Each structure stands twice: as C-alpha cells, then as structure tokens.
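Chemist: Can you keep this structure in mind? I'll have questions shortly.
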Amino acid sequence: MKNKVIIGTRGSKLALWQAEWVKSELQRMTPGLVVDLNKIKTTGDKILDVPLAKVGGKGLFVKEIEEAMLGGEADLAVHSMKDVPTEFPDGLFLPVICKREDPRDAFITATQNSKLKTQNFKGLPKGATIGTSSLRRSCQLLSVRPDLKIEQLRGNLDTRLRKLDEGQFDAIILAAAGVKRLGWAERITEILVPELSLPAIGQGAIGIECRTGDSFITGLIAPLNHAETSVCVRAERSFLKKLEGGCQVPIAAYARLIGGKIVMDGLVGSVNGDRIIRAHIEGDQAAAESLGIALAEDVLSKGAKEILDVVYGRCAPSVDGEISS
C-alpha cells in the first residue's frame, strides 16, 4: 500500500490551516501515512492590486494546483469551496466536501486608531467606508445602506485585518469561517444574518479534489465527506452553474437541511445594489442539483438575466471571485 501522499494547497494562513487539518485527519485514520504539503502560488495570489472582477480567468485560485495534480506533483488538493469552479479539467473531480464551518459573513469594525465605536452593521454612521472585494457582499449591503462607501479590499485575512487596524476602513466584511478557523473569532463585531448578507456558494466548506482514476486517494479521503454539507453545497453549485456564474458577479445561495428537506435561498443583485432578486425553494435532498437549477430558473424568470447580461458584458470570465484567505 502507498504510504505517502502530497497535498496541493495555496500558501496563505487559511489555506495552510485547511490543508494541515486534512493532513491530520488522514494521518489519524491511517497510522503511518506520510503526508507532505506542496505550497503553490496561484494567479489569484499573485494579482493583488486589481479588483477580482477585472482579472478574469476561470479558477483564479485553483488552476495551478490542478495542473500540479495532473502533472503528478500533488495527489490531492484542498480548496475553499467558494473558490472552486463548477467545471473540472479532464482527469480531475471533487469526491469530498468536508463538514461546513459557519457559512455566514462577519462584520468587523476597527479596534485601533479609530473613533468608530459601532457595535453592529445597523449602527454604522452615514457614509462609513466598508472594505470588501466581493460584489455579492457590496450589492446586498448597498441595497439597505446606499450611503455606504465600498472600497476594494484584497489580500489574505491577516493583511485585511491589518488594513482595517491601520484605519483604511471603518469596517470590513470577511467570511466568518476563515476568521474562526484561524482563531480570531474575538475580532468579529457581528455575524450578519443571511437575510442581510446571503452567503457565497460553498462558503465555509472545504473541498478535496483528486485524479479520477486514483482509487487509492479516493478511498483514503472518502471518510472526510460530510453528507449533509455535500448535498447542500452541491445544490448551491448547481444554482451557480445554471446562472453561468463565470465571472465575479453578485450571486449568492445558501442551502441547509431542515427536517430532512433542503431549504434553499438564492439571490442575484445589480452591482450598485439598486435591484436585488431573491428566490426560495424547498424539496427532497435526493434532488439537490435539480433544486438548485429550479431556483436559478426562478430568479432568471424574475429578471436576473438582464442583470447578469450587464455584468457579464463588462468583465472577463472568472470564478465567484471572493478569495477565502
């Protein structure tokens, strides 16, 4: 039996936390297994001075890692699910989605060099500056607070928190999952309810990708698949795929299992937040992907196509665009 595997991962603190967690789980389940990490710099990691919506290119945060797997330099890859495109290169697939952390967004206010003492999003003063690289987040926040000033915020989690503390923003919005995984939960001022900020597709979940013909790796990682998370995230991803969410667009979806049924909300918004189209669906978990498609068709019928045509017409194709770390 093979006793060594190589995990392909990005080099950020959060990406390494996720890869190390998978490594420790694999070694716990298979004593004697040697697991090495291959840290790979992706296109999304290299381009930090341009808004993601203008960068383009599918799989900004996974392409180089997938190439390493296809080239034999990695046996599996650990990704934040919201970075993973809905299409995979020939020879690769995603058999495992691990148990989800908190999928919601975190609102974080400055704690140093700031006169701002707000305790929640609603308490932000008029014209406050919010840092986020996500059109999904900004469109939803602007829809309820059009007075806010949204500024681009790129970089890893620690970089973004440092920029906040330096006074570049009054507050920033990050994925709660990453903040909690890195042990910074005390920095969170408020967790935003999905009614205010519907999460990104797959937010809070970790996915494991590998080669299609590698039965050893597939069997090794199989116990890490979390059935409930997997069915919910796959429903969300089918929603995104139907909408052809190929560039950084204001698309959101959140599915959860309640009483054995999938309950799912979806959203498409205009970039400036003046139009938000929402839809809701419930159904059997065995039909997860069909439910995602039906939800997408619902928002399209309500006018989402016109919004998406405008966004797609002005940006190059890429993945969802919210970097996780």
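Chemist: Return the long-range amide H neighbours of Glu151 (sequence gap of 5 or more, or a different chain), with a cut-off of under 5 Å between placed amide H atoms.
Modeler: Here Ile130, Gly131, Thr132 satisfy the definition.
Chemist: Got the relative contact order for the chain handy, in percent, Cα pairs under 8 Å and 6 or more residues apart?
Modeler: About 24 percent, as a whole number.
Chemist: Please report, in cubic angstrom per residue, the volume enclosed by the convex hull of the alpha-carbon atoms of segment 165-258.
Modeler: About 177 Å³ per residue, rounded to a whole number.
Chemist: For a quick check, take a GNM of the chain with Cα springs below 10 Å and name the residue from Ala222, Ala15, Ala200 with the largest mean-square fluctuation.
Modeler: The residue that fluctuates most here is Ala222.
Chemist: Something else about it: Run lengths n ≥ 4 of DSSP H only: what is the helix-derived mean residue ellipticity at 222 nm for the chain, with -39500 (n - 2.57) per run over all residues, to the nearest 500?
Modeler: Taking each H run of at least 4 residues, the total per residue is -9000 deg cm²/dmol.
Chemist: Continuing with this model, one more query. How high is the relative contact order of segment 105-192? Use alpha-carbon pairs under 8 Å, at least six apart in sequence, and give a whole percent.
Modeler: With pairs under 8 Å counted, the relative contact order is 49 percent.
Chemist: Given the pairs Lys261/Lys302; Lys122/Lys241; Lys2/Lys261; Lys99/Lys302; Lys2/Lys41; Lys41/Lys99, which span a C-alpha to C-alpha distance of over 30 angstrom in this model?
Modeler: Beyond 30 Å: Lys122/Lys241; Lys2/Lys261; Lys99/Lys302.
Chemist: Tally Lys and Arg at +1 and Asp and Glu at -1 over the other residues with C-beta under 11 Å from the C-beta of Arg145: what net charge comes out?
Modeler: +2
Chemist: Sort Phe239, Phe121 so that the residue with the fewest other Cβ atoms within 10 Å of its own Cβ comes first and the one with the most comes last.
Modeler: Phe121, Phe239
Chemist: Need one word for segment 105-192: rounded, prolate or oblate. Basis is the Cα gyration tensor (sqrt eigenvalues a ≥ b ≥ c); a/c below 1.5 gives rounded, then a/b vs b/c decides.
Modeler: It comes out rounded by the Cα gyration axes.
Chemist: Also: Can you tell me the order of 73-82, 183-192 when each peptide is scored by its average per-residue count of other Cβ atoms within 10 angstrom, highest first?
Modeler: Per-residue mean Cβ counts within 10 Å order the peptides as 73-82, 183-192.
Chemist: Mind sorting Leu300, Leu295, Leu141, Leu148 by how few other Cβ atoms lie within 10 Å of their own Cβ, fewest first?
Modeler: The most exposed by this proxy come first: Leu300, Leu148, Leu141, Leu295.
Chemist: From the Cα gyration tensor of segment 155-220, with a ≥ b ≥ c the square roots of its eigenvalues, which class applies: rounded if a/c is under 1.5, or else prolate if a/b is larger than b/c, or else oblate?
Modeler: prolate
Chemist: Which of Pro125, Val310, Ile108 sits closest to the plus end of the dipole of the chain, meaning its Cα is farthest towards the positive end, when Lys and Arg get +1 and Asp and Glu get -1 on the C-beta?
Modeler: After comparing all options, I get Pro125.
Chemist: I've got another one for you. Show me, for segment 225-240, the HN-Hα J-couplings you get by feeding each phi into the Karplus relation (A = 6.51, B = -1.76, C = 1.60, θ = phi - 60°), rounded to Hz, glycine and proline as x.
Modeler: 5, 9, 4, 5, 4, 4, 5, 5, 5, 5, 5, 4, 5, 5, 4, 4
Chemist: For segment 64-71, take each phi angle, set θ = phi - 60°, evaluate the Karplus expression 6.51 cos²θ - 1.76 cosθ + 1.60, and give the result in whole Hz per residue in order, putting x for glycine and proline.
Modeler: Residue by residue, segment 64-71 yields 5, 5, 5, 4, 5, 5, 5, x Hz.
Chemist: Under a 5 Å amide H to amide H cut-off, with H placed in plane at 1.01 Å, what residues pair with Arg10 once short-range neighbours are removed?
Modeler: Ile40
Chemist: Sort Val179, Val271 so the one with the fewest other Cβ atoms within 10 Å of its own Cβ comes first.
Modeler: In order of increasing Cβ crowding within 10 Å: Val271, Val179.
Chemist: What does DSSP give for the chain in terms of the percent of beta bridges that are antiparallel, rounded to the nearest 5?
Modeler: Antiparallel: roughly 70 percent of the beta bridges in the chain.
Read-outs throughout are calculated quantities, based only on the coordinates presented, and are distinct from any laboratory measurement. Since the model is a prediction, treat every value here as computed from it, not as a measurement. Virtual Cβ from ideal backbone geometry, glycine too; neighbours counted across all protein chains shown.
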